[in-house]
Amino acid sequence: MPAPIPQRAPRLKNPIPRIRRQPVRSTSVHEAGYDVATQTLDLRFSGGVYRYDAVPRAIYEALLGAVSPGRFVNDQIRGRFRCHRIG
């Protein structure tokens, strides 16, 4: 089951510079990027780009290795970390 796109995340007015993202093999998550210095995770879905704050690097690495990245986002990221829509 594909991960639903977060609907109520506020738009971030002045996001930090763009985080380089890489493609993810998923029907719902198209790209993922992570900034180690700020512990910031960017996820691009078909409905936009969302930035998650204070995400441990291990979570990002687990996402990249997940059998189902969409399910991983729903189970381990969505609702657990502060989120802003940035694009």
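Ranked for footprinting exposure by Cβ neighbours inside 10 Å, fewest first, SER28, SER68, SER46 give SER46, SER68, SER28. Cβ-to-Cβ counts within 10 Å put GLU61, GLU31 in ascending order as GLU61, GLU31, the fewest first.
Just so you know, all these numbers are worked out from the coordinates, no wet-lab data involved. Source: prediction; values computed, not measured. Neighbour counts run over all protein chains shown; Cβ positions are idealised from the backbone, glycine included.
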